[in-house]
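Read the structure below first, then the notes.
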Amino acid sequence: MTKFSDLALDPRVLKAVAEAGYESPTPIQEQAIPHALEGRDVLGIAQTGTGKTASFTLPMITLLGKGRARARMPRSLVLAPTRELAAQVAENFEIYAKYTKLTKALLIGGVAFGEQDKLIDRGVDVLIATPGRLLDHFERGKLLLQGVQIMVVDEADRMLDMGFIPDIERIFSLTPFTRQTFFYSATMAPEIERITNTFLSAAVKIEVARQSSSSDTITQKLIEVVPSRKDRTASEKRDVLRTLIRAEGESCTNAIIFCNRKSDVDIVSKSLKQHGFNASPIHGDLDQSVRTRTLDGFRDGSVHLLVASDVAARGLDVPAVSHVFNFDVPSHPEDYVHRIGRTGRAGREGKAFTLSSPSDAKYLAAIEQLIGKPIPRGELPEGAVKPAVPAAKDAKTEEAEKPARSRTRSRTRTPKVEKVEPVAVEAAPVEPAVQTPAKEAPVKDSAATDAPANTSRRAPRESRRDDKRGDRRNNGGNDRVVGMGDHVPDFILRSFKLEDYSSDDTENTDTSNIEDATTE
C-alpha cells in the first residue's frame, strides 16, 4: 500500500500530514500528487469527499517552498464556488503548511475590503478566493495576477450551476499562460469541457469512480408523505419532520436538514424554532459572519439542527453527525449520496431519512438506479398528522349533497346579500290607452290624469311609467324594496314633461298644462 512518504513531498509537509493523523493517500491523491510535482496540468474528475483538497494543497506547498511573493502579486490562486468551501481550503493550508513560511490570504464576500487589502499589499504565496470577490479586488486595482504560477479551480460543476463560468474564463485570461493548472469537477458538462480544452495544456486526466453507494453504517429510510391537498404538501412535510426528530429522541445528538431551495431553508428553520427546536439556517444569501457563526456553533454543539442548502453545505467536513434529514428529494442523484454521506463517517453509525411526495417519483427512481437498490420505506411516525382521506360515497349521497355544495360555492364567490322573499302583489288593472286624434286638445284636469296624452305614440309609455311610480308610492311601507328603496329623493321621481310640449303640434300646447306638470 502506498504511503505519503512514498510521494516525494517536502519533509515539512510530511511531518504536518503525520501529525494530522494521515498515513495513506486516497486514490485521487495517489494518482494526482506525482503528476503535480512534475509540473503537469491535472484534470481531476471526482466527487466531494474523495480527498481532492489535499491532492492539490500538498504538492502546491512543496512547489512553493522556494521563492517569495511580491506585493499585490500572489504566487498561486485557488478558486472555490462558496465562502465555506474557500474557508475550508484555507484551513487545510494552515494544517499542512504550518512548518513552512508560506503566507495566505482569503478573499470572500461578507468581509471588509480593508483587511483583505492589507494582506494582499504585504504579498501572499497562496490566494484563496471566490470568483466574484477576486474580480472586485482586481477591478479596484488592488490585485495583479501576472505572477500566478499555480492555479486551482475546485468544484467547477458547482461554479457552473452558480453562473461563475464567465468569471472563470476572465480570470484565466488574466493569468500567465505558463502557469500550472489543477482543475477539479464532479461532472464534465460541455461548458466545463470547453474551458479545459482552452486553458489546460496536455493535462493528465484522473477520474475516480463517483460514489454510487452509501456506507453500510448508514440506516436509510424513505418516508412517503401523501398530502391531503397539493398546497399543503410543505406544511404537512414539516409536521412529519418534527415528529421524526422527536421520535429519535436522545439518539439524535445533531442533524443536518437539507432543502433544495434557499427559501425553504429559512421556512423550515423558522418552523423548527417556533416549535421549540434549536435550529439555524445556512445558505448563500446570509451574511458571512452569520454563516461562520452558525457553522462554528454546529461544530461545538451549541446548534443542534443545521438547516442547509446543497451549495452552502457542499464539501463541508463536520464530524460526528448522527442524523441527516432530506426535507426535499434532491434533483441530482449524486447529491443524495453526498448528503447522507455527512453521517456515518469514520465507522460511526448514522441515520438518513428522506421525505418524499408523489411529485418526486422520477427523482427517486434516478437515485435508486444510481445506488443500485431501493431505499427502504418507512412508516409515518406515531403522532404525525396524517392527511384526511375522504370516505367513499354512494351515488345517492353525492346527489343529495350537490345543492349544498352549490350553495357553498356561490357564497364564497359573491358578497353576502340579505335574501328577500318575493311578495305576491295583485296588479291593478291597467286601462287601455285611448287613441285620440292628433289635433284633439289634451285633458286639462291634472287630477284625472298625471300627464296629457298629446300623441298616440307616447300614451302607452306614459301609462307604464305612471303605473310603476304609483306602485312605489302606494306600497304603504308593507312591501320591502330591494334596490334604492324609499330613500330616493323626491325630485328624482318627478316627471318633467317639457319635452312633450315642445313638439311640432304647437296648437295642442297649453301653458296651464305645463304649470300643472311642473308642480305635480
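Could you grab me the full set of residues in the stretch 117-146 that are more than 29 Å from G51 (Cβ to Cβ) and not charged (D, E, K, R)? If you could, list the steps in order and put the result at the bottom.
Kept after step one, since they are more than 29 Å from G51 (Cβ to Cβ), are these residues of the stretch 117-146: 117-118, 120-123, 135-144, 146.
Once the filter is applied, which keeps residues that are more than 29 Å from G51 (Cβ to Cβ) and not charged (D, E, K, R), the stretch 117-146 yields I120, G123, L135, H137, F138, G141, L143, L144, Q146.
Counting only residues that are among the aromatic types (F, W, Y) and either surrounded by fewer than 19 Cβ atoms within 10 Å (Cβ to Cβ) or outside the structural domain of P74 (by TED's automatic domain parsing) (or both), how many does the stretch 95-115 have? Quick ask: steps written out before the conclusion?
If we filter the stretch 95-115 for residues that are among the aromatic types (F, W, Y), which is where we start, we get 96, 99, 113.
This time we only want the ones that are either surrounded by fewer than 19 Cβ atoms within 10 Å (Cβ to Cβ) or outside the structural domain of P74 (by TED's automatic domain parsing) (or both), so: 99, 113.
Final tally of qualifying residues: 2.
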Filter result (among the polar types (S, T, N, Q) and not in a helix (DSSP H, G or I)) within the stretch 249-261: T253, N254, N260
Residue match in the stretch 290-303 (condition: within 23 Å of P381 (Cβ to Cβ) and touching a residue at least 40 places away in the same chain (Cβ under 8 Å)): no
Within the stretch 74-94, considering residues that are out of contact with any Phe, Trp or Tyr (no Cβ under 9 Å at 6 or more places or on another chain) and under 20 Å from G141 (Cα atoms), the one surrounded by the fewest Cβ atoms within 10 Å (Cβ to Cβ): R75
Filter result (more than 22 Å from S359 (Cα to Cα) and in contact with a helix residue (DSSP H, G or I) (Cβ under 8 Å, 6 or more places away or on another chain)) within the stretch 246-262: C252, N254, A255, I256
Residue check for V337: touching a helix residue (DSSP H, G or I) at 6+ places or on another chain (Cβ under 8 Å) and under 17 Å from R238 (Cβ atoms): no
Hits in the stretch 14-28 - residues which are loosely packed, with under 14 Cβ neighbours inside 10 Å and polar (S, T, N, Q): S24
Criterion (closer than 21 Å to R291 by Cα, assigned to a helix (DSSP H, G or I) and out of contact with any strand residue (DSSP E or B) (no Cβ under 7 Å at 6 or more places or on another chain)) met by exactly one of G109, G114: G114
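Which ones in the stretch 232-253 are of a type in the set (A, V, I, L, M, F, W, C) and surrounded by fewer than 19 Cβ atoms within 10 Å (Cβ to Cβ)?
Looking only at the stretch 232-253, we keep the residues that are of a type in the set (A, V, I, L, M, F, W, C), and these are 234, 240-241, 244-245, 247, 252.
Across the stretch 232-253, the qualifying residues are A234, A247, C252.
The values are calculated or read from the model by the stated rules, or taken from the named source; none is laboratory data. Everything numeric here is computed off the predicted structure, so don't read it as measured data. Heads up, the Cβs are rebuilt from the backbone with ideal geometry, glycines too, and the neighbour counts pull from every protein chain shown.
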